[in-house]
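J.: Quick one: the structure is below, and I'll ask about it shortly.
Throughout, read-outs are computed from the coordinates displayed, never taken from laboratory work. The shown structure was predicted, so the numbers you read here are calculated from the model rather than taken from an experiment. Heads up, the Cβs are rebuilt from the backbone with ideal geometry, glycines too, and the neighbour counts pull from every protein chain shown.
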Amino acid sequence: MAGRSKVTVRFEAAPVSEVAAVFGLRVIRADADADQRRGFPGSGRSPGLSGLAQSGNPRYHRYMSEPLVPQKSPIVKKMEPGTYYWCSCGRSANQPFCDGSHKGSGFTPKAFTAEKDGPAYLCGCKHSKNAPFCDGSHQAL
């Protein structure tokens, strides 16, 4: 196979950014000072694979294949006519609406338009086949 090179990385000694590059992951930097105190890149010590894409670690995450499930029931909202952006990743602190927390996750918000005043039953589990509206998919989770 001409033109292809084999990449070898020794995980226990490799910086997080090198490991991320091998697997096509993206390292998200949130607090460089805190990272230095913990021994992350730039501090002279390498955390190796331990600092990469761990669940519960918001500083490092990778492309998500499944959304988070904020709740297993619909979210009832009183809607007024206008355009809204429904959170599809489950990371938003402003459920069921997008707050930009999806960045780097591979998910994008779903735009929808409310035509009239009234209640809307929006999907809270992020698995609806009729997003952004609830279709009962949460019952199978």
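J.: What are the residues whose amide H is under 5 Å from the amide H of SER105, where those residues sit 5 or more places off or on another chain and H is modelled from the backbone?
T.: none
J.: Please work out how much length the chain gains when fully extended from LYS77 to ALA114, using 0.36 nm per residue of separation minus the C-alpha to C-alpha distance, in nm with one decimal.
T.: The span from LYS77 to ALA114 would gain 12.2 nm if fully extended.
J.: Please identify every one of the trypsin sites (Lys or Arg not before Pro) in the stretch 71-132 that sits in a loop by DSSP and has no more than 16 other beta carbons within 10 Å of its own beta carbon.
T.: Working: sites: LYS72, LYS77, LYS78, ARG91, LYS103, LYS110, LYS116, LYS126, LYS129; in loops: LYS72, ARG91, LYS103, LYS116, LYS126, LYS129.
Loop-located and lightly packed - LYS72, LYS103, LYS116, LYS129.
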